[in-house]
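Asker: Below are the structure tokens for one structure; questions will follow.
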Amino acid sequence: MNPQEPTPTRRALSTPEELLTVPQVMARLQLGRSAIYNLIRTHQLASITLGRARRIPAQQLADFIRTRLDQEAS
């Protein structure tokens, strides 16, 4: 590896992860604020905290929905 080449990262920076706010997730799932925070608190929905702001990666929301659909189908 050339010393001037950037070190590889786990995720390519050319495709940034979309981060959703709690109100955006509320609208997409048509659930209330306390229901969303309950999903986060129980680790059913992954999130990150940036300062005082809570963000949910869009991919995590998609995974949550897929998992719930699979559970319902079983």
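Read the figures in this text as sums done on the coordinates, not as results from a lab. For clarity, every value in this text was computed on a predicted model and none was experimentally measured. Glycine gets a Cβ as well: all are built from the backbone with ideal geometry, and neighbour counts include every protein chain shown.
Asker: Once the Cβ-Cβ distance between residue 74 and residue 53 is put in as r, and R0 is 35 Å, what FRET efficiency do you end up with, to the nearest 0.05?
Answerer: Using R0 = 35 Å, I get an efficiency of 0.50.
Asker: Given +1 on the Cβ of Lys and Arg, -1 on the Cβ of Asp and Glu, and no further charges, what dipole in debye does region 19-73 carry about its Cα centre, rounded to the nearest 20?
Answerer: Magnitude of the dipole: close to 300 debye.
Asker: Starting from the exponent 0.38 and prefactor 2.2 Å, build the expected Rg for region 19-73 from its residue count and divide its actual Cα Rg by it.
Answerer: Dividing the Cα radius of gyration by 2.2 N^0.38 Å gives 1.08.
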